[in-house]
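Since the structure comes first, as structure tokens, the remarks are kept for the end.
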There are 2 protein chains.
Amino acid sequence: MALFMLGKVQRAASLCRPHIRSCRAYRITPQLVDDLRTLVGDCNISTANAVREQHGRDESMHSCQPPDVVIWPQNVEQVSKVASLCYTHNIPIIPFGTGTGLEGGVSALKGGVCFDLTRMDKILNLNTDDFYVTVEPGVTRKTLNAYLRDSGLWFPVDPGADASLCGMVATSASGTNAVRYGTMRDNVINLEVVLPDGRVLCTAGKDRSFRKTSAGYNLTSLFVGSEGTLGIITKATLRLYGVPEATVAAVCAFPSVQAAVDSTVQILQCGIPIARIEFLDDVMINACNKYNDLGYPVLPTLFLEFHGSENGVNEQVQQAAEITQLNGGSDFTWATDQEQRNKLWTARHNAWYAALALRPGCRGYSTDVCVPISKLPQIIVETKEDLITSRLTGPIAGHVGDGNFHCIMVLDLNDKEEVRKVKEFTDRLARRALAMNGTCTGEHGIGIGKRKLLQEEIGEVGIEAMKQIKTIFDPKNIMNPGKVV
Amino acid sequence: MALFMLGKVQRAASLCRPHIRSCRAYRITPQLVDDLRTLVGDCNISTANAVREQHGRDESMHSCQPPDVVIWPQNVEQVSKVASLCYTHNIPIIPFGTGTGLEGGVSALKGGVCFDLTRMDKILNLNTDDFYVTVEPGVTRKTLNAYLRDSGLWFPVDPGADASLCGMVATSASGTNAVRYGTMRDNVINLEVVLPDGRVLCTAGKDRSFRKTSAGYNLTSLFVGSEGTLGIITKATLRLYGVPEATVAAVCAFPSVQAAVDSTVQILQCGIPIARIEFLDDVMINACNKYNDLGYPVLPTLFLEFHGSENGVNEQVQQAAEITQLNGGSDFTWATDQEQRNKLWTARHNAWYAALALRPGCRGYSTDVCVPISKLPQIIVETKEDLITSRLTGPIAGHVGDGNFHCIMVLDLNDKEEVRKVKEFTDRLARRALAMNGTCTGEHGIGIGKRKLLQEEIGEVGIEAMKQIKTIFDPKNIMNPGKVV
């Protein structure tokens, strides 16, 4: 795809990360690039600056750290052979899906070879009797659901972005439907993983698929959320669900954050099997109104969705409406047909871009904490006060049914003072969550920036265990180094 | 509690396991027993033969392998100190809950110290707003649900036996409600674990409780199903559910196994959120009729239970009834009030004893395989044929909503030929499940007898990974040695 020029690569890289480069223990030689080219083919390798830069960053505020080489493997055999080559030469391996991560997970902190897995994009084994499908790592969430359209089944985990499903495995993604259908942790049945030395591991045994097992240690769960630090996921077997007979979405505004979150807690306590319950604060609603040309009241708001039979949905809606009204919520604004629902959820999923549009030219960084649900009103109120005191722009959107929410920080990366203030604010927010027995990340992962917070969250013995687990699978520390632990 | 007499202990132990004793690398000295006594107190230690024998076996057919000493720690500090002492002297540690396991998990294959955790039995932290509770290891499933009675919440995982909840964590137990509420894997939020060297690990961080997290490797899932081979679970934080507004149970007989299982698959495919769907074959129903003085038709039968709102349950029942009728099922025999339901489920839960009553004086061994649900008719039909050909008694009961079923083998342990035939039959059954991409254990665990099958199931790379994980947490191989890997 692009000619290899060692000098050029090294120069570009040294501009990006002079400090890190100096402590490398490997060299990417022309011979090595030739060997990589032989393994994956001429069309599936690049050392062009633009390509490397494109692969050195995700959608977060973390600065670009390009890999030395980008390859597009075609199959698991190629992944295995290239990994084995990297292992021999101590070269970092960075798995890459769609680059839609939010914690710098794809940054090549120590350079190395980026495995762009988008060309391994086959849907391998749809089993409609047993409700599962096996996908290669290039298959995205939307591609899978389009493929499933006529089967009566769907895959519900929806982080908003059209991420690759194996990337979603890697970060333990979740999103709007998790309150009903769980996160990736709950929906992965089996994984095929190439370990850094090239060995292929099937976490639940080759080609196996079952709804439950007690056979040995749970290797599958170990790789869900491992953020590319233990191996390269080359296949995922995922659980599917029947498309609900009826779906209704609604919007409801509240006089206060407390009233919106209290409604959420009560809806869950009543056992209403709500499919989505999303919170947007007044700042976020205002941004969404402007970006999507909508006219929702500028108040703390819940977006809700109900799945079930016709009668079941009606009953859920009635019960939920009673609860929201008792908390001073507005009448529901309905979205019953697909088009209306798409409009509503597009507004929610565009929250990121709506927030960015508040300050054109600025970058975004989405915080991500999760607390016990009863602590949500307190943490959201305190966080809003902190945002005002700190004079920062950070509209709030959250999967409140899980106790999980985000401040979408919009900031000028050239304003060092603002960057510092945002960093301090996000650390305060994470520690506020930790003090409430919560977690510093509900769904985005640890990536680069939260490693210190992970230590505080999990404690010394836990971190030690994680480091030792890392050493088992990746003794040379070449798998996405500098992330998680 | 009992006087310590070293000679007596050694003699009794040598009768039980002369072969294994010879390869021990440690000695239980009178001084060590004194040290243990000092740590846990006079009333919380025993070396009496009867006590040791009682702690050396579970409900399986595996022969008794008593520990050298049994202790009853009172708190996590004691567990830690005793573990540390054992670690220093290379003495095996065997955690013990209620002894209701089915794969020999508590057998002290190499002797050692049995930690009977039943005296750590406090329910520590019921949080009704956030739907969780923290329990010490001596709390059983029924004790917890009795405690929750007035809270409107319950813990649904129900393996039948009144097992300790931390024991259920250790084997990744499930049972009749798993089709709707998941297994232990899905319902453990956090664990406190004492590692063999005495360090205390909180798998999700100390006192933390949240519905989801992406923070680092999933240590909690690693300990669920670890069968006491990685550490001693001293606290579990578990997810709770709202008690359903309405519950209805029903029984339905079918002309064939195929018809019963086809109904199950179709009920799941229609997305009916059934809470329990249990299969009993004609032999099992006959045994249950005799044991419980019931008069169900001696046919393949489903026991079903529906949870939800009044209307929701009615709708579920109607849909399920249509499906069963299309498959030639009988009209539902109803159990709507609590007393009728208890009678019905007591019959199901007594299946084990009903099976044993078929041949008084014999022992039982419950097989446990799980396959993709669509494979259930084939594997059950083949297995019934195998039972007939092999002339073995093995009534079938299964959590068919999960693809999981058991043959309750009833055998005369004094008849070596029969024991051999049962062993060969159970291995054939497990390999039949593996050939259908299933697992050799859905919920009982690997224990002693299925280690070879685990290797076949998970493959060489996976077993190697499990062995290395074991080494991280238990470098001296003193945690329940001889189990799982």
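The values are calculated or read from the model by the stated rules, or taken from the named source; none is laboratory data. In this text, all values refer to a predicted model and were calculated from it rather than measured experimentally. No Cβ is skipped: glycine too gets one built from the backbone with ideal geometry, and neighbour counts run over all protein chains shown. SASA here: full protein model, heavy atoms, side chains in, ligands and nucleic acids out. Shrake-Rupley method; radii C 1.70, N 1.55, O 1.52, S 1.80 Å.
Points to keep in mind about this one:
- Checked against the criterion of being buried (at least 24 other Cβ atoms within 10 Å of the Cβ), out of contact with any helix residue (DSSP H, G or I) (no Cβ under 8 Å at 6 or more places or on another chain) and within 21 Å of B:F473 (Cβ to Cβ), the stretch A:205-216 has at least one qualifying residue.
- For the stretch B:23-71, residues that are farther than 25 Å from B:D412 by Cβ, in a helix (DSSP H, G or I) and of a type outside the set (A, V, I, L, M, F, W, C) total 10.
- Tally of residues being touching a Lys or Arg at 6+ places or on another chain (Cβ under 6 Å) and assigned to a helix (DSSP H, G or I) across the stretch A:460-484: 1
- In the stretch B:272-280 there is at least one residue that is in a strand (DSSP E or B), among the hydrophobic types (A, V, I, L, M, F, W, C) and in contact with a Gly (Cβ under 7 Å, 6 or more places away or on another chain).
- Index of the failed condition, B:A260 passing every other in (1) part of a helix (DSSP H, G or I); (2) over 30 Å from B:Y296 (Cα atoms); (3) among the aliphatic types (A, V, I, L, M): (2)
- Scanning the stretch B:227-245 for residues that are assigned to a strand (DSSP E or B) and within 11 Å of chain A (Cβ to nearest Cβ) gives B:T237, B:Y241, B:G242.
- Taking the stretch B:212-226 as the range and being within 7 Å of chain A (Cβ to nearest Cβ) and under 24 Å from A:A435 (Cα atoms) as the test, the residues that pass are B:K212, B:T213, B:S214, B:A215, B:G216, B:Y217, B:N218, B:L219, B:S221.
- The numbered conditions (1) within 10 Å of another protein chain (Cβ to nearest Cβ); (2) more than 22 Å from B:N437 (Cβ to Cβ); (3) polar (S, T, N, Q) are all true for A:S209 except (2).
- For the stretch A:323-341, filtered to residues that are assigned to a helix (DSSP H, G or I) and of a type in the set (A, V, I, L, M, F, W, C), the residue that is farthest from A:R276 (Cα to Cα) is A:L326.
- Evaluation of A:I379 against (1) in contact with a Leu (Cβ under 9 Å, 6 or more places away or on another chain); (2) within 14 Å of chain B (Cβ to nearest Cβ); (3) touching a residue at least 60 places away in the same chain (Cβ under 8 Å); (4) of a type outside the set (F, W, Y) (one fails), failing number: (3)
- Positions within the stretch A:300-312 being in a helix (DSSP H, G or I) and surrounded by 16 or more Cβ atoms within 10 Å (Cβ to Cβ), in sequence order: A:G312
- The listed residues are B:P297, B:P273, and the only one of them that is surrounded by fewer than 20 Cβ atoms within 10 Å (Cβ to Cβ) and within 14 Å of chain A (Cβ to nearest Cβ) turns out to be B:P273.
- Of the candidates A:T346, A:T336, the single residue that is of a type in the set (S, T, N, Q) and either within 14 Å of chain B (Cβ to nearest Cβ) or touching a strand residue (DSSP E or B) at 6+ places or on another chain (Cβ under 7 Å) (or both) is A:T336.
- Verdict on B:T220 being open to solvent by 10 Å² or more (accessible area, probe 1.4 Å) and either within 24 Å of the chain's Cα centre (by Cα) or outside the structural domain of B:G101 (by TED's automatic domain parsing) (or both): yes
- Every residue from the stretch B:115-130 that is more than 12 Å from B:L148 (Cα to Cα) and within 14 Å of chain A (Cβ to nearest Cβ): B:L124, B:D129, B:D130
- Some residue of the stretch A:432-447 being more than 25 Å from B:F131 (Cβ to Cβ) and part of a helix (DSSP H, G or I): no
- In the set (1) farther than 21 Å from B:P475 by Cβ; (2) surrounded by fewer than 24 Cβ atoms within 10 Å (Cβ to Cβ); (3) modelled with pLDDT of 95 or more, the condition left unmet by B:V69 is number (2).
- Flag if B:I469 is farther than 27 Å from B:R428 by Cα, open to solvent by less than 10 Å² (accessible area, probe 1.4 Å) and at the interface with chain A (Cβ under 10 Å from one of its Cβ atoms): yes
- Within the stretch B:161-189, considering residues that are in contact with an Asp or Glu (Cβ under 8 Å, 6 or more places away or on another chain), within 11 Å of another protein chain (Cβ to nearest Cβ) and of a type outside the set (G, A, S), the one nearest to B:K81 (Cα to Cα): B:T171
- Subset of the stretch B:395-421 that is of a type in the set (A, V, I, L, M, F, W, C) and within 14 Å of another protein chain (Cβ to nearest Cβ) - its residue that is nearest to B:N350 (Cα to Cα): B:F405
- Any chance A:E315 is buried (at least 16 other Cβ atoms within 10 Å of the Cβ), part of a helix (DSSP H, G or I), within 14 Å of another protein chain (Cβ to nearest Cβ) and free of Cβ contacts under 8 Å to residues at least 12 places away in the same chain: yes
- Given (1) within 25 Å of B:A108 (Cα to Cα); (2) within 8 Å of chain A (Cβ to nearest Cβ); (3) open to solvent by 10 Å² or more (accessible area, probe 1.4 Å), number of the condition B:I458 does not satisfy: (1)
- Among the residues of the stretch A:386-400, those that are farther than 15 Å from A:V369 by Cβ and not in a loop (DSSP other than H, G, I, E, B) comprise A:I388, A:T389, A:S390, A:T393.
- Filter result for B:L201 (within 11 Å of another protein chain (Cβ to nearest Cβ), under 24 Å from the mean Cα position of the chain (by Cα) and assigned to a strand (DSSP E or B)): yes
- Number of positions in the stretch B:441-455 that are at the interface with another protein chain (Cβ under 9 Å from one of its Cβ atoms) and within 14 Å of the chain's Cα centre (by Cα): 6
- Condition met for B:G403 (of a type outside the set (A, V, I, L, M, F, W, C) and in contact with a Pro (Cβ under 9 Å, 6 or more places away or on another chain)): yes
- Tally of residues being in a helix (DSSP H, G or I) and open to solvent by less than 10 Å² (accessible area, probe 1.4 Å) across the stretch B:402-429: 4
- Count - residues of the stretch B:430-453 that are crowded, with 24+ Cβ neighbours inside 10 Å and not small (G, A, S): 7
- Yes/no for A:P18 being in contact with an Asp or Glu (Cβ under 7 Å, 6 or more places away or on another chain) and either at pLDDT below 95 or closer than 12 Å to A:G112 by Cα (or both): no
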